[in-house]
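Inspection log for the structure reproduced underneath, given as structure tokens.
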Ligand code: GAL
């Protein structure tokens, strides 16, 4: 099982998962080895079978957009793991919200009408979570949100009402911090090609409705500042998690700011891959006169990190997140409870550990 590998290898940047109210991430310096008990838990996870017959349970899964690279990794792993747990493939239906909340809301209504036994939802708009929750709870269906956090107020509502609703995801502040640290660790002398004493950067953001974009943007820069570096933002643009959009934005910035662009922060790897296309087209060389970081650890991005064409990325652990989501769902079906926020750690990826991350995600 992939998860076991993950937990054994990730000694690089482990922090406690219960970090929802802890916005300070000193990542690699706080590395902790997995305890014997945790290892035992992992072993137990591999053998324990849920105390409920899942073979006839119907699962509805809503993904905000199938064309999103990271969510494709996520949903593939989720489906495989649900089957591994004992659900029948025929009883798992996964819908593409096509990045349209109205479309997704119709899909949720159809799942409810069809009498599914549980729902796993990656909302198009996190702000729609309240109305989604209300109708799913009214239909008495357990609900697991993934990837796009509905927000603390909404989570409190689930807790206050004792509803079978939870959220599984990582805290994007941690990923932003790790991106900033990857750059800060290079040292100002290496980064500061134009010699102005500052880190001159451009920021390419994901969908602004998504808290991941907000936090990665904010905390990557904060990590530079916390490391004592002076920063200079040349530009901040919205690339909507999309490679082609980012490629265009970075091409524009490189033509406008030229060699002053020292660092390109992208909120995800798809956009970093687009940025790299423009960086290479402009005759610039990552690792030499420009530095580039993303988030997700898509396989293509891991190749680029290995080749030195991306400075680094941050592993957004789709394996652990999808497994935790399925495990939480099964607990609800077995009549058990879950916490209303289930966290997961990101892992910093550079040339130092890229081979390990490739191994565990292949
Ligand atoms: C993020 C991920 C992005 C995109 C987004 C969708 O966690 O890093 O690549 O998939 O989720 O909500």
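Every number here is computed from the coordinates shown, using simple stated rules; none is lab data. Everything numeric here is computed off the predicted structure, so don't read it as measured data. So basically every Cβ, Gly included, is an ideal-geometry build from the backbone, and we count neighbours across all protein chains shown.
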Practice task
Per DSSP H run of at least 4 residues, take -39500 (n - 2.57); add these up for the chain, divide by its residues and hand me the 222 nm value, nearest 500 deg cm²/dmol.
Solution key: -14000 deg cm²/dmol
Practice task
Which order do the peptides 217-226, 87-96 take when ranked by the mean count of other beta-carbon atoms within 10 Å per residue, highest first?
Solution key: 217-226, 87-96
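Give me the number: length gained by fully extending residue 52 to residue 232, i.e. 0.36 nm times residue separation minus the C-alpha to C-alpha distance, one decimal in nm.
Numbers: separation 180, 0.36 × 180 = 64.80 nm, distance 5.59 nm.
Between residue 52 and residue 232, full extension yields an extra 59.2 nm.
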Problem - Ranked list, fewest to most other Cβ atoms within 10 Å of each Cβ, for 186, 276 - result: 186, 276
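Mind giving me the FRET efficiency for residue 334 and residue 88? R0 is 22 Å, r the Cβ-Cβ distance, nearest 0.05 is fine. The partial results should precede the final answer.
Details: r = 17 Å, r/R0 = 0.79.
So, using R0 = 22 Å, E works out to roughly 0.80.
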Handout entry: Highest to lowest packing among 188-198, 313-323, scored as the average C-beta count within 10 Å
Key = 313-323, 188-198
Practice task
Post the alpha-carbon centroid distance, the stretch 270-321 to the stretch 201-259, in whole angstrom.
Solution key: 14
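Which three numbers, in whole Å and largest first, are the semi-axes of the equivalent ellipsoid of the stretch 172-315 derived from its Cα gyration tensor as √(5λ)?
Details: eigenvalues 69, 60, 42 Å².
So the equivalent ellipsoid measures 19, 17, 15 Å along its semi-axes.
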Handout entry: Rounded, prolate or oblate (a/c below 1.5 giving rounded, otherwise prolate when a/b exceeds b/c) for the stretch 282-362 by Cα gyration tensor
Key = prolate
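Pull up the DSSP beta bridges for the stretch 172-315 and report the antiparallel fraction as a percent, rounded to 5. Don't jump to the answer; show the numbers that get you there.
Details: 0 of 17 bridges.
Looking only at bridges with both residues in the stretch 172-315, the antiparallel portion is about 0 percent.
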Practice task
Report, to two decimal places, the Cα Rg of the stretch 143-208 normalised by 2.2 N^0.38 Å (N = number of residues).
Solution key: 1.75
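Counting every Cα pair in the chain, what percent are over 38 Å apart?
Working: 11614 of 65341 pairs.
Here the long-distance tail beyond 38 Å is 18 percent of all Cα pairs in the chain.
Please give the peptides 344-355, 294-305 ranked by average Cβ packing (other Cβ atoms within 10 Å per residue), highest first, as a rough proxy for protection.
Working: 344-355: 20.8, 294-305: 24.2.
Descending mean neighbour count gives 294-305, 344-355.
From the gyration tensor of the Cα coordinates in the stretch 232-332, what semi-axes in whole Å does the equivalent ellipsoid have, largest first, with each one equal to sqrt(5λ)? If you can, show how the numbers build up before the last one.
Working: eigenvalues 185, 41, 21 Å².
Rounded to whole Å, the semi-axes are 30, 14, 10.
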Exercise for the section: State the three equivalent ellipsoid semi-axes of the stretch 259-300, derived from the C-alpha gyration tensor as the square roots of 5 times its eigenvalues, in descending order and whole Å. Expected result: 18, 10, 8
